[in-house]
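Worksheet: one structure, shown below.
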Amino acid sequence: MSSSDEVSSARAAAAAGDGGEPTVFDNILSGKWPSNKVHEDDQCLAFLDITPQAPFHALVIPKVRDGLTKLSNAREDQVGLLGHMTYVAGQIGKKNCPSGFRIVVNDGEHGAQSVYHLHIHVLGGRQLAWPPG
C-alpha cells in the first residue's frame, strides 16, 4: 500500500469513527479470517501484515480491545497490557530482525491509523530510513 493510500485509509477510518463495530483484527481474533501467527499468549496476538512495508512486518494486537482503539485512549489500568505488548514486539523484532528493527504505533488520522484497534507494527529486515514519513 502506498503512503497516499494509507493516508486515505486513515482519513476514511477517522471519519467513520469508532462505533465499536468489529474490525479486521476482531475477525482475525475470532478465527473468521486467517492470519500467519508469529506469537500468541493470553493477552495478545501477533501476526504477519498482509501488506508488508518491510521484508519483515508483523502486528501485535491486544486480544481484548476494551476501548483500546488507539494509544491515546489507553487507560491507567491498561498499562500492564501496553508494557506486555511492547515487550512482545521487542522479542519478535529481536528474533526476526537481528540487525535491528522499528516498532511503530499509528494514532488517529494524522498518525495514519487505518484500523481502530490498537496495534504495534514491528518492521525490519532492511535498513530503515529516517525520518520515517
- Query: Say we join alpha carbon atoms closer than 10 Å with springs in a Gaussian network model of the chain; which of Ile120, Ile103, Ile50 then has the biggest fluctuation?
  - Reply: Ile50
- For n ≥ 4 DSSP H runs only, could you compute -39500 (n - 2.57) per run for the chain, divide by its residues and tell me the 222 nm figure to the nearest 500? -9500 deg cm²/dmol
- Message: Just to be sure I understand, if you calculate volume of the Cα convex hull per residue in Å³ for this structure, which of (1) 192; (2) 110; (3) 163 do you get?
- Response: (2)
- Assigned charges on the beta-carbon of Lys, Arg, Asp, Glu; the chain dipole about Cα centre (debye): 440
- Considering the chain as a Gaussian network with a 10 Å cut-off on Cα pairs, which listed residue, Thr69, Thr51, Thr86, attains the greatest mean-square fluctuation? Thr51
- Query: Rounded to the nearest 0.05, what FRET efficiency is calculated for Gln91 and Lys32 with R0 set to 22 Å and r the Cβ-Cβ distance?
  - Reply: 0.20
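Since every read-out is calculated from the coordinates, none of them should be taken as a lab result. Fair warning: this is a prediction, and the values are worked out from it, not measured in the lab. No Cβ is skipped: glycine too gets one built from the backbone with ideal geometry, and neighbour counts run over all protein chains shown.
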